[in-house]
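Peer 1: What follows is a single structure, and I will ask about it in a moment.
The values are calculated or read from the model by the stated rules, or taken from the named source; none is laboratory data. Every value quoted in this text rests on a predicted model; they were computed, and no experiment measured them. Cβ placement follows ideal geometry from the backbone for every residue including glycine, while neighbour counts extend to all protein chains displayed. With ligands, DNA and RNA removed, areas are computed over all heavy atoms of the protein, side chains included. Shrake-Rupley method; radii C 1.70, N 1.55, O 1.52, S 1.80 Å.
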Amino acid sequence: MNCRAYRGLALGAGLLLAALPALAETRIEKNLTLSPGGAFRLETDMGSVTVTASPDAGAQIVITSKRKELEDILTFRFEEGAASASVVAKKKHLTSSWFSSNGGSVHYEIRVPAETRLSINTSGGSIKVSGMRMAAKLDTSGGSITVSDLDGDLDGDTSGGSIDLKDIKGRVRVETSGGGIEAASIDGPVHAQSSGGSIELQKVTGDIDADTSGGSIRIVDAGGRVQADTSGGGIAASFAKGNSRGGSLDTSGGGIEVSIDSAADLAIDASGSSVKTELPIQVRGEISRGSLQGTMGKGGNTLRLHTNGGSVRIQGL
């Protein structure tokens, strides 16, 4: 190919690029009426969401897109009032699958009074919430959920990512089919369920219900009853000082290791390929390598430890 042909191709490519719209960021800003103690709802077909607490009344909303004009992607409905405010964003019927599959370029930055009940639902991105002082309900099918410094109950569901929680005062119920779950400093009960990863819980004051088919379970400083079940790994759990609530730890994917206050009053029922204890347990019935039934202290609530995939080890704190 000669130089003239190359120049022709270059010129044609340049004209084509010039005809395409620039991929500059577009944004929508809205200030909605909302009093402290009210409710805020976001329902969107695409986009990641960040919610932070504001010392002021009202809801400040900034929506950005880096790849397409927002009005070409979504239709918006804004509603406001002293008791509640909401944003509903629905996909337009796009002819280009490229634009419709790039919801990750849309982002919602939301500031509301700390005393606001939240309901966030997105089909196309992650959700981050911090500093709120009322209950939150979060649902995404396209990303992770991250929550910190929440004083209120939390309900969280995702089918597309992990869940990371820290410093929450209230009941926690979270489920994911696309990743692991990590939670620390939870003042209340926790229900955590995953089919796609491991579960790690630290410093939970209330009862724990942890279930996964995709990884191991690790629990540190459990303050209440522990129910843990996995078919994808081992279980390691330590109970807080003075905790005699008991529970059930069951796995078919690994071993079980528990740390218990030596002064706890518990009934122990353990079974596995082998069972070893470093604590004084008054054994009931026959003694065997793979099972142990007995009592610690005065007895009381039962701590059941069962594995088909490894050994059981009981030790002190």
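Peer 1: Considering (1) in contact (Cβ under 8 Å) with a residue 60 or more places away in the chain; (2) under 21 Å from Ser311 (Cβ atoms), say which one Arg225 fails and leave the rest.
Peer 2: (2)
Peer 1: Of all residues being assigned to a strand (DSSP E or B) and of a type in the set (Ser, Thr, Tyr) in the stretch 113-135, which is surrounded by the most Cβ atoms within 10 Å (Cβ to Cβ)? Just the residue, please.
Peer 2: So the residue we want is Thr122.
Peer 1: While we're here: Out of all the residues in the stretch 206-230, which are at pLDDT below 95 and either open to solvent by 60 Å² or more (accessible area, probe 1.4 Å) or aromatic (Phe, Trp, Tyr) (or both)?
Peer 2: Within the stretch 206-230, just Ser213 meets the criteria.
Peer 1: Only one residue in Arg41, Arg77 is in contact with a strand residue (DSSP E or B) (Cβ under 8 Å, 6 or more places away or on another chain), in contact (Cβ under 8 Å) with a residue 24 or more places away in the chain, part of a strand (DSSP E or B) and charged (D, E, K, R), so which one is that?
Peer 2: Result: Arg41 is the single residue among Arg41, Arg77 that is in contact with a strand residue (DSSP E or B) (Cβ under 8 Å, 6 or more places away or on another chain), in contact (Cβ under 8 Å) with a residue 24 or more places away in the chain, part of a strand (DSSP E or B) and charged (D, E, K, R).
Peer 1: Is it the case that Glu29 is assigned to a loop (DSSP other than H, G, I, E, B), at pLDDT 95 or above, over 17 Å from Leu138 (Cβ atoms) and open to solvent by 80 Å² or more (accessible area, probe 1.4 Å)?
Peer 2: In short, no.
Peer 1: Now for a different question. Quick one: is Asp265 at pLDDT 95 or above, over 20 Å from Ala184 (Cα atoms) and more than 32 Å from the chain's Cα centre (by Cα)?
Peer 2: Answer is yes for this residue.
Peer 1: Same structure again: Suppose we keep only residues that are small (Gly, Ala, Ser) and part of a strand (DSSP E or B) within the stretch 136-194. Which one would you say is nearest to Gly214 (Cα to Cα)?
Peer 2: Per the stated criteria, the residue is Ser194.
Peer 1: In the stretch 231-252, which residues are at pLDDT below 95 and surrounded by 20 or more Cβ atoms within 10 Å (Cβ to Cβ)?
Peer 2: Gly232, Gly233 - these are the residues of the stretch 231-252 that are at pLDDT below 95 and surrounded by 20 or more Cβ atoms within 10 Å (Cβ to Cβ).
Peer 1: Does Ala270 satisfy being crowded, with 20+ Cβ neighbours inside 10 Å and farther than 15 Å from Asp211 by Cβ?
Peer 2: yes
Peer 1: Something else about it: Restricting the stretch 168-205 to residues that are out of contact with any Ser or Thr (no Cβ under 9 Å at 6 or more places or on another chain) and surrounded by 19 or more Cβ atoms within 10 Å (Cβ to Cβ), which is farthest from Ala237 (Cα to Cα)?
Peer 2: Checking each candidate, the answer is Val172.
Peer 1: Let me ask something additional. Can you tell me which residues in the stretch 37-51 are crowded, with 16+ Cβ neighbours inside 10 Å and not aliphatic (A, V, I, L, M)?
Peer 2: Gly38, Phe40, Arg41, Glu43, Thr44, Asp45, Gly47, Ser48, Thr50, listed by residue number.
Peer 1: Let me ask something else about it. For the stretch 271-305, give me each residue that is over 11 Å from Glu257 (Cα atoms) and under 34 Å from the mean Cα position of the chain (by Cα).
Peer 2: Hits for the stretch 271-305 are Ser271, Gly272, Ser273, Gly300, Asn301, Thr302, Leu303, Arg304.
Peer 1: Within the stretch 147-167, can you find the residues that are over 15 Å from Leu118 (Cα atoms) and either modelled with pLDDT under 95 or open to solvent by less than 30 Å² (accessible area, probe 1.4 Å) (or both)?
Peer 2: Thr158, Ser159, Gly160, Gly161, Ile163, Leu165, listed by residue number.
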